[in-house]
Amino acid sequence: MRAFGPVIAVLVALLLVASSVMFTVDQRQNAIVFQFEEVKDVITKPGLHFKWPLIQKVRLFDMRILAYDDAEPLRFLTQGNRPVLVDSFIRWRIVDVKQYFVSVRGDELEATRRLRQTISGALRDEFGARTVHDVVSGERDAVMGRVREKADQDLRRIGVEIVDVRLKRVDLPQEVSESVYRRMEAERKRIANELRSTGAAESERIRADADRQREVILAEAYRDAQRVKGDGDARAAATYAQAFSRDAEFYAFYRSMEAYRSTFRGRADLLLLEPSSDFFRYLKDPGGRAGGKK
Amino acid sequence: MSLNDPNWGRGSRGPGGNQGPPDLDELWRNFNRKLNDLFGGRRGGGGDIPPMPPSGRMLGGGAGVLVALVVVIWLASGFYVVDAASRGVVLTFGKFSEITDPGLRWRMPFPIQSHEVVNLSQVRTLEVGYRNSVKTKVLKESLMLTDDENIVDLQFAVQYVVTDAQAWLFNNRRPEEVAMLTAEAAMREIIGKSKMDAILYEGQDNIANQAQVLMQQILDNYKTGISLSRVTIQNAQPPEQVQAAFDDAVKAGQDRERQKNEGQAYANDVIPRARGAAARLTQEAEGYKARVVANAEGEASRFRQVLTEYSKAPAITRERIYIETLQSVLSSTSKILVDTRASGNLLYLPLDKLMQQSGVSGLTESQASQRSSDAALPIDPGPRSRDSLRNRERGER
């Protein structure tokens, strides 16, 4: 029991020594070993490492891909002075810890400030050379690619790699949005009117077509009917002619008689007669000579 | 270098370390032996234990037990559980050393090894443009600009699983946030290349697929270890400000269909009717033809028959027909017999009056016409009859 105190003391001393001599570098990290504030060594391999106690200090850096996301969207002017609000995010990581430390004192805030300056400048250039439609649709990739390249080139000097620059939101400012809404509304109205009027036109066309068909059908039917009737008339005429031409004189007489009969057939027909006609020849003279042969 | 390497302490001790007090050396060896005893059972290999000084055994007493206890607790802190859905990732001094399967696992305790557990089966969901329910929109996220410079209100969800625990842990800071940013950026890019109508009405699946492909590409570029399982568009609609106009346009489309149908209905009404009327015309014409031809044939036949008889006795037949005809004509009509030679040209006939009377009496007599026409000589007491009688008398005189 008496020896217990020294044992503890020795253990604590050992731990103290160990902790000031050894350090671990995580899988996600790189480290810089400083000797009197001077960069002595850069450690890129994870694991257990050693340093001199007291005179050497270690600083760890996160080597994962980091995100920088603007809190507020940036306002850029595109071609034709149309403003857009752009919200982009940047994926970056430290590739050269020494350079990084020398340039920005290893301060992430300072680094992101530099990132933001460089990238918003590059974006401003790219947006200024393009129309809204280009940046929203056609050339989005190109914008992102070129900004990334430019920024990457620039920021290598501070030991940072730009993995990706991505446009998240490209929106129109509020006052422009309102006019877009109005335009959308007008456009829909146009479409609606077009639909309605083409509907009416289509309907009218169908009706007119139906009317035309009706006319055609009736006219053709009338034509065919007349043909049939004409045919009948012709055959009747032929029949009459054939029969009556046997004795044309008798036909004239016979037909006249029939015509008389059907012409004078009511009390309303008033005949003013002379008793000199053949019919009345016996009226005055029983010999029958008075009327006709006077 | 590992802690158990017998040389590990040499470098750190430095030049001053060799001049350390002798009992420190001994204590160290003692501690090492105890440690090796404990490790020995597990590791199956004892260290090279130097012969122990007698004083070491004295130290072994109560303090030894206490130290052993601390060591046991320290070692026990190396146990951890990996559940069935997960994998453990073990780091040795911060360096990745292995991936462990589910179960109760042991790693070397604290400063030496550490572990992290990553769930590989859990389907993680990102909600973009809304939270919890589609009704609680986040307009800042959901309003997007389309190719034709319209604005669309779109909510979508992304489901993903982590397939590579190592990549998930080591390559990105806050990978969940990365996934969210990527999802939004990719969807906006696809929407920016699509037309409003395609987004709203037909192409939603297509857009979701394209967005998924793009998201996966970006995430692979970041080496996040994420595998997307689904991107679903929950809701795509025009912004509230213009909703009414869009609804009206949809209604207009239906109106158009309605009008077309009405037109078609009219056509379906008119054309069959016309066909019916046409059929009637045709049939009537056929009927007419049949009638006319039959009439002609009938009359011709009658004439021929009469002619046959007539040719046998022409004079008498002609006379008979003539008289018969005149009889039937005169018996049914009103007549005035005027002997022009007797009365000269001074005869006055009030023709219009006569016509009037015959018209009036014609009306009253129409019922009796049948009877009177049969009679050879009408003996009606009407004024016209009297007139005609008078005329006759006059004629006879």
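The values are calculated or read from the model by the stated rules, or taken from the named source; none is laboratory data. Computed from a prediction, not measured in an experiment: that's the story for all the values here. Reconstructed Cβ throughout: ideal geometry from the backbone, glycine too, with neighbour counts over all protein chains shown.
Just to confirm my filter: which strands (runs of 3 or more DSSP E) fall fully inside region A:1-46 and include at least 2 residues that are in contact with a His (Cβ under 8 Å, 6 or more places away or on another chain) and among the β-branched types (Val, Ile, Thr)?
On the way: elements: A:22-25, A:29-35, A:38-43.
Of the strands (runs of 3 or more DSSP E) lying wholly inside region A:1-46, those with at least 2 residues that are in contact with a His (Cβ under 8 Å, 6 or more places away or on another chain) and among the β-branched types (Val, Ile, Thr) span A:22-25.
If you check residue A:229 against the conditions, is it modelled with pLDDT of 90 or more, within 30 Å of residue B:307 (Cβ to Cβ) and within 7 Å of another protein chain (Cβ to nearest Cβ)? Break it down into steps so the answer makes sense when it comes.
Values: modelled with pLDDT of 90 or more: yes; within 30 Å of residue B:307 (Cβ to Cβ): yes; within 7 Å of another protein chain (Cβ to nearest Cβ): yes.
So residue A:229 fits the description; yes.
Just a yes or no: is a residue in region A:106-115 free of Cβ contacts under 8 Å to residues at least 12 places away in the same chain, at the interface with another protein chain (Cβ under 10 Å from one of its Cβ atoms) and either crowded, with 17+ Cβ neighbours inside 10 Å or under 43 Å from the mean Cα position of the chain (by Cα) (or both)?
no
Report the residue count in region B:125-163 for those that are among the hydroxyl-bearing types (Ser, Thr, Tyr) and touching a Leu at 6+ places or on another chain (Cβ under 8 Å).
Count: 3.
For region A:195-230, enumerate the residues that are charged (D, E, K, R), within 12 Å of residue B:270 (Cβ to Cβ) and surrounded by fewer than 16 Cβ atoms within 10 Å (Cβ to Cβ).
Across region A:195-230, the qualifying residues are A:209, A:211, A:212, A:215.
Taking residue B:163 as meeting all but one of (1) more than 8 Å from every other protein chain (Cβ to nearest Cβ); (2) at negative phi; (3) surrounded by 18 or more Cβ atoms within 10 Å (Cβ to Cβ), write down the number of the exception.
The single condition residue B:163 does not satisfy is (3).
Sort through A:71, A:142 and tell me the only one that's of a type in the set (A, V, I, L, M), within 14 Å of chain B (Cβ to nearest Cβ) and part of a helix (DSSP H, G or I).
When all the criteria are applied, what remains is A:142.
Quick one: how many residues across region B:185-207 are within 11 Å of chain A (Cβ to nearest Cβ), part of a helix (DSSP H, G or I) and out of contact with any Phe, Trp or Tyr (no Cβ under 9 Å at 6 or more places or on another chain)?
Summing the residues that are within 11 Å of chain A (Cβ to nearest Cβ), part of a helix (DSSP H, G or I) and out of contact with any Phe, Trp or Tyr (no Cβ under 9 Å at 6 or more places or on another chain) in region B:185-207 gives 8.
Looking at (1) buried (at least 19 other Cβ atoms within 10 Å of the Cβ); (2) within 11 Å of chain A (Cβ to nearest Cβ), can you tell me which one residue B:210 breaks?
Every condition holds for residue B:210 apart from (2).
Per-residue answers, yes or no, for (1) among the polar types (S, T, N, Q); (2) buried (at least 20 other Cβ atoms within 10 Å of the Cβ); (3) closer than 30 Å to residue B:263 by Cβ:
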residue: A:143; (1), (2), (3): no, yes, no
residue: A:149; (1), (2), (3): no, no, no
residue: A:157; (1), (2), (3): no, no, no
residue: A:178; (1), (2), (3): no, no, no
residue: A:187; (1), (2), (3): no, no, yes
residue: A:193; (1), (2), (3): yes, no, yes
residue: A:235; (1), (2), (3): no, no, no
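Does residue A:137 satisfy the criteria of being polar (S, T, N, Q), crowded, with 19+ Cβ neighbours inside 10 Å and farther than 26 Å from residue B:224 by Cβ?
Here the answer is yes, as residue A:137 does meet what is asked.
Do we have residue A:256 as among the polar types (S, T, N, Q), without any contact (Cβ under 8 Å) to a residue 12 or more places away in the chain and more than 7 Å from chain B (Cβ to nearest Cβ) here?
Taking the combined requirement at face value, the residue satisfies it.
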